[in-house]
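Worksheet: the structure to be examined is printed underneath.
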Amino acid sequence: MNRREFLKLCLGAPPALLFNSFFELHAYAEATGGKQISRHTKKPLKGIPSLCQLCPARCGIIGFLEGDQLVKIGGNPKHPNNLGKLCSRGLAGVNMAYDPDRLSSPMMRRGERGKGHWERISWERAYSEMVSRLKTIYQGGTKGDFVFHSEHEPYGIPRLFLDAFGKAMILHDDQLHFSNRNLAQWLTWGEERGVPDVANSHYILNFGSNFYETHEDYTGLIGRVIEGRLTKKAKLVTFDVRLSYTAGNSNEWFPITPGTDGMVALAMANVIIQDNLYDKNFIQRWFNIPFSQLVQYLSNYTPEAAEKVSGISAADIERIAKEFAISMPAIAISGPGVSGHFNGVYNERCIFLLNAILGNIDIRGGYCLPRTYRLSRGDTTALDLDKAPLNPQKFISLVKRRKLTPKIYFINESNPAYSNPESGLTSEVLKDEKLIPYLVVADSYMTETAMLADMVLPVASYLERGGIDSSPSLDLIPFVALQQPILRPYAKSVPIDDICIELSQRIGSGIRRSFRFNSTEEYIKKVISSIPKLEKVGGWPYLKEHGVWFDKDEKPRMRGYESRGFKTPSGKIEIYSERLRKKGFQPLPIYEPIPGHGDLKGKFVLVTYEPNVMGPKTANFKWLAEIKHHNFIWINRDVAKILHIEEGDRVKITAKTGTFVREVRFTFGIHPRVVAIERNLGHWGYGHIAQAKRIKSKDPNTYLVWWEKEGNGVSPNQVIPGESDPIGGGEAWNDTIVTISKI
Amino acid sequence: MEVQVLYNVFHHEAVSLLIAIYFHIVGLHAGCSIVSITATLLGKTEYKPVAKIGAIFVIILFSISPIFLLTDLFQPLRFWYLFLHFNPTSPLSWGTFFLCAYPTFTGIYIYFLFKNNVKWSKIFGVISLPFAISVHGYTGFVLGFAKARVLWNTAVMPSYFLCSAMISGMAFMLIVALIRYRFTYKDKTVEEREKDLHIIDLLAKWMAGFMILNVFYVFSDITVMYYHTEDAFETVELVRLGKFSFLYIWVDNVLGNIIPSLIIIFKKTRKSHLLLLIAAILASIGVFVMRYVMVFGGQYVPLS
Amino acid sequence: MEKEVRWGMVVDLRRCVGCHACQVACKAEHEVPLGVWRIWVKVIQKGYYPEMAAVSLPWDCPYCERPEEARYPRMQTLFLPWLCNHCERPICNTVCPVGAAYKRKDGIVLIDPHRCIGCNYCRAACPYNVRFANPITGMIQKCDFCVHRVDAGLPPACVEACPTNAMVFGNLRDPSSKVSQLISKEKVQVLKQIMATFPQVYYIGLDKDVADPLKGWEKHFYHKEYERL
């Protein structure tokens, strides 16, 4: 685009620029975004489209190179989810490219575990160390001898490798964070996550989600929420225990007692049914229980009963329920504030019920089915209620009790010693050579976990490796997005895909029979060859150039369930879940009080939340650490007055699993029973910037760390007791009972 | 209303301690030179020693003052750009002009003063007097034109700065005169002693006069600011009651202005050279504290 | 015929979500060192004391002797991206002793890096505190509306990065441009109008408490005391 066109677009203002819908946002994004010019030479920079992997949203990015140096990361305007926009984390990804704190070579431990004495070794040596052990397991081991732990569920090449290997136990951090939600939704309508079509909603009822700061679809979702709120005049109502950015920008915020969202949702459903505001046809056609039974069941959940439990007045519950029901299309969104509880699965199902009784399922402005391309058969594990739910924390405690005896624990870009609940226990177990005989950590940084490893492998960051992805589309038109290396791997780093391929080749014959790929590119080409329309527009070269492809002529067909039904055993929405009943759980959506929360006299519930600029993988990003490098304990101002705490005092938080000390800040924006603290801070490993330490390096900025004296905060993970929902296995992040004492 | 700042950035002060010191030294030598020139112009021979002492310190102080100015620059090697580019709306540009013109004329004046050429020293005294006033006066305008800060951006600022410069200059000369008298009076005749004592008396009286003027400026500045904007109110509370109240009210005004002027006003105390010396030292400290408070108190309140 | 151009910006605070994307995008675009900012997003939380609260919720608060005391205020979180206002009458230009600060014909206020002597006077004079001394190069710098991008026909980096399109950049003299439309249609405000610098960055939905530097500042910076002299 030349200057004249830009002037026309930016200044001439065709009506499209007033963003009447997000389709026009596409036009705006494509016209103005995705281009960068050099500040020095004033020439356009070469851009390589790829995907961001710093959070689960997987936005489309373009890496801009000046010469062969990565100078900037921008959003890919062709990507239908993020529309050329990135959050601060994605934009700061360039900090990772030449970070002097990154691991440069494979290393092997010398001396005791965790002592920090390392010997640099060659990749050859590293492979042979691993292969000798893996071969024994492959030939004669049992399942669970090889434990593979990654941040997200492995997909693509690592997944194929693990499937071919056969005896691997797979752990991922999403099990801690999302499995309650995933299981609850899967039990109810057969999908693990839906897509909230917020851009077209007239009413957004938000339970415990903080999409103004973090979300699984952060950038794309928040842009659409704002469009919905501004152009459709959508009302946003938030139920949250603290004043998150979302709550602080909602039309109404209700500070709710922790873990009681399900009760409020049920009471609202009751009000909607009592007032005849429900979608009768939808309920009759798609619910698997008779309407009369539902009415009868819900009649117990009166707003008055909900008021007693949740602290939100019955009048408000009634009013919000009616508003929600009459402003169709409306949507109820749930978040970690709902699912990160002991009763997470139940809560989640209650909120789904609220969407379902209004027939808000897969309509414009409602809660929609995820639309993706199925890229590889093995990419997701089918959920199974029969298997005992597992997560990285549970794995550690099972190892501790010697219920599991892994031979190799391979951790790829995850940091359980820091991020697991009860992280002290994880460190203790990882240090014990009897419990974990061999610990390999493949990461870009010397994380807290890597410090305890027997062998550390430097893996290429997301900027340096390939992959392919098809996330659920927020525009409901499925797309395929390509991740391609923008840079050559840092120092001796190797992409995890290549490590897997190399391992499979060295392990030998059996494994190569079911896993034949020799490179990531080969795999991607194979995958995209299964999408004929993409092949027609050019396939691989097209994706390489544009980074993303979707069928431009496709119009989303709403109510997709009408043709094939839901992916549940009954084909309907299983409000009544036979599968839950069989396992001895409550089959209907129910509110179950959290054990121990009944009598909180003198105690508080510790709630942790993720700040908007600091994700789990961004700790050493200088631009983000500069914004968010330390955390406070937030406490209600009235309560603090009663406890005789002054603002800025250091207080001690004591839970049954440990204590920590931090300064306190007051706010009215928090429930009096709750204290809140930010996660993802307080590293004792990872890198210099993550620890708020100055270092002299090639980049003069690393010596300008001005927050050295302020410190880097504290991680609350050490006191989270590691108790999970018995159904879903997701961690009850927000149920920790603590006491506060001034020191 | 409860306001809790969740995120904001922190800015470092734009005007540093070096500049506060520079302001003080410029005030000092400008004060000295104004006293010296005035003494010469009045023409009485008994004032001559004062004029000479003043002139010597002008040379010494002037030669060190630009060091502070240059080291404060982020690009010190580009200082000569100031001579190339003149911006009439910038008091720093005027300052460059004055800082060049002032030593030239004052140098000639001092030359004739030490040559005992009364006529020419008077002529060049007259010429260099406005420059001596301007060379300090411009610093008042420097702060006065920085509209961001309410403590600076007042009409009283240039004259307030000049007034305090006179105090610091006179206090300095008073100290020197007292010391000189202390070490030389034994060799002097009664008449000469009388002359010296007269000069000391005169200097002290003038200083007290400027101090009273100074207190008036402070009073009018603070009171007017109470009727000004929110920023002004906050700033004046800060210097009156807050972080800078001790320095500004007690050290600068009470110890630095009111007590010395009281010492001088009462004849009994004025006759005591020790008390006079204390008064002069207090006045010098007070003026420096005033520069410090002006520079840092002015910048203490955030702008964003 | 080339139209008259006066670049300006409208920041629609109803859209702002406080994500700091503009702040980071700017750091990337201009290699701004740590500790200084060309644009930053101020975030505050505000609400009423309980006795003034619009709602009263009957909290069963175990810590309160009188439960009605723990009522909830209506609260909100407010954001304010703060950048150079590219004033119509920039005081920084007025006071620059060497004329290194200048305003282009299209209204962008710039600093000539080859002329600036780093005297800090402009920093002291700017009522918005947007100028800083680059600790690496020793230059006085500030937001320049990404003049290299604007000249190439691209919007500034912050505008491009904003995930919610809260920032709009365009020609204020062109009545059909989006900035002009927003300014004429919406209720806009500028920061510190009292300073008579005539800022050209307009805000929609600006709250007085977030615009007020004095609200809550002492508490926020109490831990930074050591940095002061």
Charge dipole of the protein assembly as shown built from unit charges on the beta carbon (Lys, Arg +1; Asp, Glu -1), centred at mean Cα; most positive-end Cα among B:Leu202, C:Val43, A:Tyr212 is B:Leu202
If packing is taken as the mean number of other Cβ atoms within 10 Å per residue, what is the order of A:547-554, C:115-122, highest first?
C:115-122, A:547-554
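Per residue, how much accessible area does segment A:186-368 have with a 1.4 Å probe, in Å²? Intermediate values should be presented prior to the final figure.
Working: 4430 Å² over 183 residues.
For segment A:186-368, the per-residue accessible area is 24 Å².
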In square angstrom, rounded to the nearest 10, how much accessible surface does C:Lys142 have for a 1.4 Å probe?
10 Å²
Listed peptides C:90-97, C:128-135, A:346-353 by packing density, highest first (mean Cβ within 10 Å):
A:346-353, C:90-97, C:128-135
Determine the shape class of chain A: with a ≥ b ≥ c the square roots of the Cα gyration tensor eigenvalues, call it rounded for a/c under 1.5, and otherwise prolate if a/b is greater than b/c, oblate otherwise.
rounded
Applying 1/(1 + (r/R0)^6) with R0 = 56 Å to the Cβ-Cβ distance of C:Asp112 and A:Arg364, what FRET efficiency is obtained, to the nearest 0.05?
0.55
Once Rh is set to the Kirkwood radius over Cα pairs, what Stokes-Einstein translational diffusion coefficient, in µm²/s, holds for segment A:589-743 at a temperature of 10 °C and a viscosity of 1.306 mPa s?
94 µm²/s
With a 1.4 Å probe, what is the total accessible area buried between chains C and A, in Å² rounded to the nearest 100?
7200 Å²
Low-density loop positions, trypsin sites (Lys or Arg not before Pro), segment A:136-240 - DSSP coil, at most 14 other Cβ in 10 Å:
A:Lys143, A:Lys233
Using the Kirkwood radius built from alpha carbon pairs, what does the Stokes-Einstein equation give as D for segment B:174-304 at 20 °C and 1.002 mPa s, in µm² per second?
132 µm²/s
Between A:Lys544 and A:Thr659, what FRET efficiency follows from the Cβ-Cβ distance if R0 is 60 Å, with the result rounded to 0.05?
0.70
Given a 1.4 Å probe, show me the residues in segment A:40-87 buried by at least 50 Å² of accessible surface when comparing the whole protein assembly to the chain alone.
A:Lys72, A:Lys85
Can you compute the helix-only [θ] at 222 nm over the protein assembly as shown? Use -39500 (n - 2.57) per DSSP H run of at least 4 residues, normalise by all residues, nearest 500 deg cm²/dmol.
-11500 deg cm²/dmol
Segment B:14-145 - percent of accessible surface contributed by carbon and sulfur, probe 1.4 Å
79 percent
Please list the radius of gyration and Dmax for segment C:7-227, considering alpha-carbon atoms only, with Å as the unit.
20.2, 67
Rh (Kirkwood; distinct C-alpha pairs) - segment A:186-368, Å
16.0 Å
So how far apart, in nm, are the two label points at A:Ile477 and A:Gln274 if each is 7 Å from Cα heading toward Cβ?
4.5 nm
Give me the summed buried accessible area for the C-B pair, 1.4 Å probe, to the nearest 100 Å².
5600 Å²
Hz values of 3J(HN,Hα) by residue in segment B:147-161 - Karplus curve (6.51, -1.76, 1.60), Gly and Pro given as x:
6, 5, 10, 5, 5, 8, 7, 10, 5, 7, 4, x, 6, 4, 5
Name the most mobile residue of B:Ala177, B:Ala51, B:Ala155, meaning the one with the largest mean-square fluctuation, in a Gaussian network model of chain B with Cα contacts below 10 Å.
B:Ala155
Based on a Kirkwood Rh over C-alpha pairs, give the Stokes-Einstein translational diffusion coefficient of segment A:657-743 at 37 °C and viscosity 0.692 mPa s in µm²/s.
209 µm²/s
Express the carbon and sulfur contribution to the solvent-accessible surface of segment B:174-304 as a percent, rounded to the nearest whole number, probe 1.4 angstrom.
71 percent
Magnitude of the Cβ-charge dipole (Lys and Arg +1, Asp and Glu -1) of segment A:604-742 about the Cα centre, nearest 20 debye, reported as 480 debye
Please give the average number of partner chain Cβ atoms lying within 10 Å of the Cβ of each residue in B:116-127, rounded to a whole number.
0
Find which of A:Ala732, A:Trp118, A:Gln274 sits farthest along the positive direction of the dipole of chain A, computed with +1 on the beta-carbon of Lys and Arg, -1 on that of Asp and Glu, about the Cα centre.
A:Trp118
Let me confirm one metric for peptide A:597-610, namely the mean number of other chain beta-carbon atoms within 10 Å of its residues' beta-carbons.
1
Sorting A:Lys46, C:Lys46 on solvent-accessible surface, 1.4 Å probe, most exposed first, gives A:Lys46, C:Lys46
Checked against the positive end of the charge dipole of chain A (+1 on Cβ of Lys and Arg, -1 on Cβ of Asp and Glu, about the Cα centre), the farthest of A:Tyr561, A:Leu183, A:Cys500 is A:Cys500
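Considering all projection directions equally, how large on average is the shadow of the alpha-carbon convex hull of the protein assembly as shown, in square nanometres?
Taking the Cα atoms of the protein assembly as shown, their convex hull projects to 54.9 nm² on average.
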List the lysines whose Cα sits under 16 Å from the Cα of A:Lys35, skipping any in the same chain fewer than 8 residues away.
A:Lys43, A:Lys46, A:Lys72, A:Lys78, A:Lys85
Quantify, in whole percent, the carbon and sulfur part of the accessible surface of segment A:186-368 (1.4 Å probe; protein heavy atoms only).
50 percent
Note, segment B:284-295: 3J(HN,Hα) by Karplus (6.51, -1.76, 1.60, θ = phi - 60°), whole Hz, Gly/Pro = x, goes 4, 4, x, 5, 5, 4, 4, 4, 4, 5, 4, 5
Ranked order, B:Ser284, A:Ser444 - accessible area, probe 1.4 Å, largest first
B:Ser284, A:Ser444
Average beta carbon contacts from partner chains per residue of B:76-83, 10 Å cutoff:
4
Per residue value of the accessible surface for segment B:174-304 (all protein chains in place, 1.4 Å probe), Å²:
50 Å²
Explain nothing, just the number: relative contact order of segment B:14-145, from Cα pairs under 8 Å at least 6 residues apart, as a whole percent.
31 percent
Give me the residues in segment A:691-712 whose solvent-accessible area, probe 1.4 Å, is reduced by at least 50 Å² once all protein chains are included instead of the chain isolated.
A:Asn701, A:Leu704, A:Trp706, A:Glu710
Assign one of three labels to segment A:288-359, namely rounded, prolate or oblate, based on the Cα gyration tensor with a ≥ b ≥ c the square roots of its eigenvalues; rounded applies when a/c is under 1.5, prolate when it is not and a/b is larger than b/c, and oblate otherwise.
rounded
Relative contact order of chain A: what whole-number percent is it, with Cα pairs under 8 angstrom and at least 6 residues apart?
18 percent
Toy charge model, Lys and Arg Cβ at +1, Asp and Glu Cβ at -1: segment B:174-304 dipole around Cα centroid in debye, rounded to 20, equals 760 debye
If you stretched the chain out fully between A:Arg319 and A:Met108, how much longer would it get, using 0.36 nm times the residue separation minus the C-alpha to C-alpha distance?
69.7 nm
Contact-by-burial set, segment B:269-304, min loss 30 Å², accessible area of protein heavy atoms with 1.4 Å probe, reference chain alone, gives B:Tyr300, B:Pro302, B:Leu303, B:Ser304
Run through all the Cα pairs of chain B and give the fraction in each 10 Å bin from 0, expressed as whole percent.
6, 26, 32, 23, 10, 3, 1, 0
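Considering Cα pairs under 8 angstrom that are at least six residues apart, work out the relative contact order of chain B and quote it in whole percent. Could the numbers behind the result be given before it?
On the way: 386 pairs, mean separation 65.4, N = 304.
Relative contact order comes out at 22 percent.
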Students often forget the sequence filter, so: which lysines lie under 21 Å Cα-Cα from A:Lys322 once same-chain residues fewer than 8 apart are removed?
A:Lys232, A:Lys233, A:Lys235, A:Lys280, A:Lys308
Between A:Lys583 and A:Thr372, what is the spin-label point distance in nm, taking each point 7 Å from the Cα along the Cα→C-beta axis?
2.0 nm
Which lysines, if any, have their Cα less than 21 Å from the Cα of A:Lys431, not counting same-chain residues under 8 positions apart?
A:Lys115, A:Lys394, A:Lys400, A:Lys403, A:Lys407
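The values are calculated or read from the model by the stated rules, or taken from the named source; none is laboratory data. Here the structure is a predicted model, which means the values were calculated and not measured. Cβ: placed from backbone, ideal geometry, glycine included. Neighbour counts: every protein chain shown. Side chains included, ligands, DNA and RNA excluded: accessible areas come from the protein's heavy atoms. Shrake-Rupley method; radii C 1.70, N 1.55, O 1.52, S 1.80 Å.
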